[in-house]
Protein chains: 2
Amino acid sequence: MSVLSLPPLDLDTGGPPEDDSPLRSVSTAVAVLDCFADEAELGATRVAARLGIAKSTACRMLAALATGGLLERTGSGRYRLGLRLFEYGQLAVDRLMLRDVALPAMGDLRELLRETVQLGVLVGTDVLYVERTEAAGMNVRFRSEHRRNPAHSSSTGRVLAAADPALVTAILERGLRRYTPFTVVDPLRYRQILAQTREQGYATSREEFEPGWSSLAAPITLTRGGRPHPVAALSVVGVTSRVLGPRKPAVVQGLRRAAARVSADLERARS
Amino acid sequence: MSVLSLPPLDLDTGGPPEDDSPLRSVSTAVAVLDCFADEAELGATRVAARLGIAKSTACRMLAALATGGLLERTGSGRYRLGLRLFEYGQLAVDRLMLRDVALPAMGDLRELLRETVQLGVLVGTDVLYVERTEAAGMNVRFRSEHRRNPAHSSSTGRVLAAADPALVTAILERGLRRYTPFTVVDPLRYRQILAQTREQGYATSREEFEPGWSSLAAPITLTRGGRPHPVAALSVVGVTSRVLGPRKPAVVQGLRRAAARVSADLERARS
DNA sequence: CCCCCGCGTTCCGGAAAGCGGAACGCCTGT
DNA sequence: ACAGGCGTTCCGCTTTCCGGAACGCGGGGG
């Protein structure tokens with residue numbers, strides 16, 4: 001089912017050892033970390049092979065990262081991502097002062113619509129979801145393969161791109177990859193959709209990333225320099241007939257109200 | 001109220017530039033990251049001052065970490081923790097195959113007791129909570145200052161230390177710091193409590209970390225080498241009278257059942 | 001309005017640090 | 001028992017990185 005939705009794969013991992021920057025050791029250390037995005041456990045030999053560096057170098061990198069707490073040793077001498085990364089990651093999100101502000105509105109919206117509600121921000125040309133409240137009764141916290149989306153095929157990405165011409169350029173340069181038969185891959189059509197998004201104040205994505213699933217998104221804005229500027233987006237995702245069918249007006253209304261509420265609360269929180 | 005509960009502060013940050021390891025640049029890069037545990041935004045000058053390194057060095061470190069995505073540039077030329085850290089952190093927790101397995105049981109337990117339920121693991125001599133379901137109706141996701149606890153004063157830490165003599169040694173070496181008038185700081189009494197924890201199969205902490213709040217914890221075990229070995233713990237935290245008063249037997253029973261269920265599910269998941 | 005201070009960044013030479021190749025134990029699977 | 005693979009260590013050469021000083025800029029005070 002979700003075999004189609006392979007994660008977009010990080011840029012330039014697995015290729016040559018990396019180059020374009022000072023501090024070569026730090027760059028390779030980051031590249032080593034990146035190796036663990038794909039595999040849960042790695043040893044020095046695997047890492048050395050993937051990055052094209054000497055085994056001894058890989059071993060030192062792993063050891064250094066482990067003493068720093070970014071990696072942990074598993075019993076068998078291999079390594080995995082360390083829990084200190086979890087702490088740092090939580091701090092990174094906390095400091096956006098976004099999740100805490102948005103959670104109440106997200107909970108209410110989920111209750112109102114009985115659908116999954118997501119809070120997404122932009123990272124590069126991808127959308128990263130920093131919080132999600134699941135629709136169904138039970139908590140199935142979102143798994144890694146659904147934590148990041150290409151911006152062009154998600155409603156969240158569109159609502160953010162609609163107000164950012166530079167981002168649109170970057171997205172088009174990267175190319176509109178097709179994920180389903182419905183994915184919009186024509187640049188002209190994509191720009192039309194963005195224009196429509198600007199007019200409406202919300203965006204939709206009809207089964208453009210995963211068959212059967214659609215989403216709507218509304219921007220969370222922050223007033224910068226007099227004009228409201230989107231910094232994140234709230235989105236509702238669900239089975240197409242449930243979110244884009246007869247209930248669509250209700251979904252849109254609830255979504256826009258929730259996004260407006262979060263925007264106001266965020267404005268207040270950033271005193 | 002929570003002024004007492006200062007986070008335990010990471011080891012060896014803010015001192016000399018770090019030393020005991022090969023790969024000096026990587027070590028200092030990690031030290032640079034650590035600087036951001038305390039402050040949300042930092043520039044080259046501040047970092048250089050904190051670590052006792054040259055300003056130029058700090059600048060290169062920041063730039064390298066930023067190109068790696070571990071840091072992000074804020075508008076004014078300063079830096080903050082990057083969202084890639086959030087991704088790595090989520091991956092690190094996902095790969096424990098713990099949170100997903102535990103969430104259903106945690107939700108049920110919260111419904112049953114109407115109290116906050118936590119899932120904690122050990123990192124060094126601290127307890128790190130990787131998931132928490134809040135008691136009250138609404139989601140106030142746990143803030144950074146309550147995401148990490150010293151192991152000696154928390155029920156979770158005791159349930160984990162009860163089965164790990166080496167950990168007890170480490171905890172005692174570090175010292176039993178006092179947080180409230182009720183914190184157990186006598187090593188002998190601490191060992192007695194651990195013995196009692198071993199007998200009972202669960203641990204308690206009566207206002208030993210924050211006045212008014214107490215907790216109970218039960219171990220999540222994994223059979224390794226024939227014997228069950230605790231790898232995490234479920235805990236219930238609430239106002240003392242509500243969790244250690246007349247309801248205590250019910251809390252203990254629910255907690256133990258939930259922990260047993262998670263242990264069984266975890267055993268099954270690690271096929 | 002201009003100046004000055006402080007910041008982040010860049011440049012450069014000396015020198016220490018890290019890279020790679022090969023050798024060493026250890027565990028596993030046969 | 002043996003052999004293959006792993007993570008780790010050692011060592012010399014060379015590369016890369018550190019620190020100090022200079023640069024450009026932006027903001028706040030005179």
Identify, from the list B:SER235, B:SER205, B:SER215, the residue that is modelled with pLDDT of 95 or more and closer than 17 Å to B:ALA102 by Cα.
B:SER235
Residues that are touching a Phe, Trp or Tyr at 6+ places or on another chain (Cβ under 9 Å), modelled with pLDDT of 90 or more and within 9 Å of another protein chain (Cβ to nearest Cβ): does region A:20-31 have at least one?
no
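Going by the conditions given, is A:ARG24 within 8 Å of DNA strand D (Cβ to nearest atom), on the phi < 0 side of the Ramachandran plot and either among the basic types (Lys, Arg) or in contact (Cβ under 8 Å) with a residue 60 or more places away in the chain (or both)? Walk me through it before giving the result.
On the way: within 8 Å of DNA strand D (Cβ to nearest atom): yes; on the phi < 0 side of the Ramachandran plot: yes; either among the basic types (Lys, Arg) or in contact (Cβ under 8 Å) with a residue 60 or more places away in the chain (or both): yes.
When the stated conditions are applied, A:ARG24 passes them.
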Restricting to region A:229-271, name every residue that is surrounded by fewer than 20 Cβ atoms within 10 Å (Cβ to Cβ), of a type in the set (Gly, Ala, Ser) and assigned to a helix (DSSP H, G or I).
A:SER241, A:ALA250, A:ALA260, A:ALA264, A:ALA269
All positions within region B:111-123 that are closer than 18 Å to B:LEU98 by Cβ and not β-branched (Val, Ile, Thr):
B:GLN118, B:LEU119, B:GLY120, B:LEU122
If you scan region A:72-113, which residues turn out to be within 16 Å of DNA strand C (Cβ to nearest atom) and among the polar types (S, T, N, Q)?
A:THR74, A:SER76
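What's the total number of residues in region A:91-101 that are in a helix (DSSP H, G or I) and either surrounded by fewer than 23 Cβ atoms within 10 Å (Cβ to Cβ) or more than 7 Å from chain B (Cβ to nearest Cβ) (or both)?
Pass one, region A:91-101, residues in a helix (DSSP H, G or I): A:91-94, A:99-101.
Subsequent filtering for residues that are either surrounded by fewer than 23 Cβ atoms within 10 Å (Cβ to Cβ) or more than 7 Å from chain B (Cβ to nearest Cβ) (or both) retains A:91, A:94, A:99-101.
Residues meeting the conditions: 5.
Does any residue of region A:170-191 turn out to be within 22 Å of A:THR133 (Cβ to Cβ) and surrounded by 14 or more Cβ atoms within 10 Å (Cβ to Cβ)?
Of all residues in region A:170-191, those within 22 Å of A:THR133 (Cβ to Cβ) come to none.
No, because not a single residue in region A:170-191 is within 22 Å of A:THR133 (Cβ to Cβ) and surrounded by 14 or more Cβ atoms within 10 Å (Cβ to Cβ).
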For residues that are away from DNA strand D (no atom under 12 Å from the Cβ), within 27 Å of B:VAL121 (Cα to Cα) and crowded, with 20+ Cβ neighbours inside 10 Å, tally how many sit in region A:38-82.
5
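What are the residues in region A:36-60 that are of a type outside the set (A, V, I, L, M) and assigned to a helix (DSSP H, G or I), if any? Working first, answer last.
Step one: filter region A:36-60 for residues of a type outside the set (A, V, I, L, M), giving A:36, A:38-39, A:41, A:43, A:45-46, A:50, A:52, A:55-57, A:59-60.
Correct list: A:THR45, A:ARG46, A:ARG50, A:LYS55, A:SER56, A:THR57, A:CYS59, A:ARG60.
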Exactly one of A:ARG198, A:ARG174, A:ARG178, A:ARG206 is among the basic types (Lys, Arg) and under 17 Å from A:PRO230 (Cα atoms), and that residue is A:ARG198
Failed condition for A:THR67, given (1) at the interface with chain B (Cβ under 7 Å from one of its Cβ atoms); (2) touching a strand residue (DSSP E or B) at 6+ places or on another chain (Cβ under 9 Å), with all others met?
(2)
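Taking the stated definitions as given, is A:GLY69 free of Cβ contacts under 8 Å to residues at least 40 places away in the same chain and assigned by TED's automatic domain parsing to the domain that holds A:LEU176? If you could, list the steps in order and put the result at the bottom.
Working: free of Cβ contacts under 8 Å to residues at least 40 places away in the same chain: yes; assigned by TED's automatic domain parsing to the domain that holds A:LEU176: no.
Against the criterion (free of Cβ contacts under 8 Å to residues at least 40 places away in the same chain and assigned by TED's automatic domain parsing to the domain that holds A:LEU176), A:GLY69 does not qualify.
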With the condition being within 14 Å of chain B (Cβ to nearest Cβ) and either under 30 Å from B:ALA92 (Cα atoms) or in contact with a helix residue (DSSP H, G or I) (Cβ under 6 Å, 6 or more places away or on another chain) (or both), I'd like the helices (runs of 4 or more DSSP H) fully within region A:102-202 carrying at least 3 qualifying residues.
none
Right, B:PHE209: touching a residue at least 60 places away in the same chain (Cβ under 8 Å), of a type in the set (A, V, I, L, M, F, W, C) and in the same structural domain as B:LEU109 (by TED's automatic domain parsing) or not?
yes
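Based on what the data block shows, is B:GLY77 facing chain A (nearest Cβ under 9 Å) and in a loop (DSSP other than H, G, I, E, B)? Write out each step before concluding.
On the way: facing chain A (nearest Cβ under 9 Å): no; in a loop (DSSP other than H, G, I, E, B): yes.
So B:GLY77 fails the test.
The values are calculated or read from the model by the stated rules, or taken from the named source; none is laboratory data. Just so we're clear, the structure is a prediction, and the values are computed from it rather than from any experiment. Neighbour counts run over all protein chains shown; Cβ positions are idealised from the backbone, glycine included.
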